[in-house]
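The values are calculated or read from the model by the stated rules, or taken from the named source; none is laboratory data. Note that the structure is predicted; figures quoted are calculated from it, not measured. Cβ coordinates were reconstructed from backbone atoms using ideal geometry, including for glycine residues, and neighbour counts include every protein chain displayed. Note: areas computed on protein heavy atoms with side chains; ligands, DNA, RNA excluded. Shrake-Rupley method; radii C 1.70, N 1.55, O 1.52, S 1.80 Å.
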Number of protein chains: 2
Amino acid sequence: MVLSRIILGLLAIAPMTGYDLKRHFDSTVGHFWSADKAQIYRTLAQLVADGLAEVETVAGAGAPDRQEHRITAAGRAALAAWLESAPERQVERDPFLARVFFGADLDDDGFRALIAGRRETTSARLAGFERLRAEADAPDRAARLRLATLDNGIAHLRTELAWLDAVEEELA
Amino acid sequence: MVLSRIILGLLAIAPMTGYDLKRHFDSTVGHFWSADKAQIYRTLAQLVADGLAEVETVAGAGAPDRQEHRITAAGRAALAAWLESAPERQVERDPFLARVFFGADLDDDGFRALIAGRRETTSARLAGFERLRAEADAPDRAARLRLATLDNGIAHLRTELAWLDAVEEELA
DNA sequence: CGCCACTAGTAGACAAGTCCCCTAGGAGAT
DNA sequence: ATCTCCTAGGGGACTTGTCTACTAGTGGCG
């Protein structure tokens, strides 16, 4: 459900192929939603079946044909309805915290490696987010909102790094 | 996979029924992992089939029979292996941020309601976490690690509230 | 010429997770 | 006496998501 609405949201910005969408999920919207390629194509087919999007095959000039999907009026209505709808129940699922929770069964080296691994991926992600943030400009309200979600990610990544420091210090 | 290992971790603390486990997922480990009842019973059956846990039916004195599950030696080995294994790829999925991302399609009242709703659930969760935190004591390393995961949740919830304030101010 | 990377899309198997339904006994409230 | 809640344990349908592999064309590199 959420995936289909995010796709509709992206199609509302511009007509796209499944491939274009995949790139968005790997960059612009990747900080709050990830999606598998196969899942995207399936959801896209479903949107077309439900009349929320239309396909147009565009012959590729020296490249594979593009199946351009564009949002329909019904699609825009569905997107608006979702935006105003009640929030989905939030699932908190963090395998890293699960390991920390049972971390007593781990020796000291193992625990340190666990923390170090998390710090690495966290700061790598933070660096990526901050680069995106620096490159972005916010001319209008829509762009400012999109940037706000990126700021949310940045804030949480910084919180995570601070927490990692605290945990390591407490165990030193 | 992660669910099965968390269950093993809980069984390593004490033998439990599926029902007991469900209560843990609704309280102690709920801040980093949620699980549906049906999923827990299925996973438990799988663990028994794989020889990682054993069942013993305990006749209930004036209550339904309890199917007590206890971890086996193989189960402890599997838990240890998972603790040291490479981290699962982390999925970031937040339907709320998705709504904010496309929030320009929302009128001002709708947007304010969205933010207000998030603030409510966030502070409610924070209050719950802080109560758990206040009630808890940390006599040993294992308990301190478990508390650290709770602190992680608290830190992120506070970050979220601060971000909500910033977003609202920027749009005022 | 062969190899690799990129664009574009598809198929199928599986794993994971949610939702709604059900049985049953006991306890306490109305 | 009936109703509802709590404990305890399921079943089955369905949706969502992941992984692997495959087709097919283009362009660049050595």
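A few notes on this one:
- Ascending list, in nanometres, of distances separating the residue A:119 label from those of the other copies (7 Å, Cα toward Cβ): 3.6
- Remark: the range B:95-171 carries a charge dipole of roughly 560 debye about the Cα centre, counting +1 on each Lys and Arg Cβ and -1 on each Asp and Glu Cβ.
- Value of Rg to Rh for chain A, rounded to two decimals, is 1.07; Kirkwood radius and Rg both from alpha-carbon coordinates.
- When only alpha carbons are used to place a centre, the range B:104-156 and the range B:65-103 end up 19 Å from one another.
- Cα Rg over Rh - the range B:95-171, Kirkwood: 1.13
- The magnitude of the dipole of the protein assembly as shown, with charges of +1 and -1 set on the Cβ of Lys/Arg and Asp/Glu and taken from the Cα centre, is near 520 debye.
- Placing unit charges on the Cβ atoms of the charged side chains and taking the dipole of chain A about its Cα centre, the candidate lying farthest along the positive direction among A:148, A:14, A:90 is A:14.
- Rounded to the nearest 20 debye, dipole of the range B:2-84 from Cβ charges on Lys, Arg, Asp, Glu: 120 debye
- On a per residue basis, the convex hull of the C-alpha atoms belonging to the protein assembly as shown measures out at 187 Å³.
- Pairing chain A with chain B buries about 5500 Å² of accessible area. This figure sums both sides and uses a 1.4 Å probe.
- Global form of the range A:2-84, assessed from the alpha-carbon gyration tensor, a/c cut-off 1.5: oblate
- Within the shell of other residues whose beta carbon sits under 14 angstrom from the beta carbon of residue B:149, the net charge comes to +2, with Lys and Arg scored +1 and Asp and Glu -1.
- Considering helices alone, the calculated mean residue ellipticity of chain B at 222 nm is -21500 deg cm²/dmol, with DSSP H runs of length four and up weighted by -39500 (n - 2.57) and normalised per residue.
- Sparse-neighbourhood loop sites, GluC sites (Glu not before Pro) in the range B:1-106 - DSSP loop, at most 16 other Cβ within 10 angstrom: B:88, B:92
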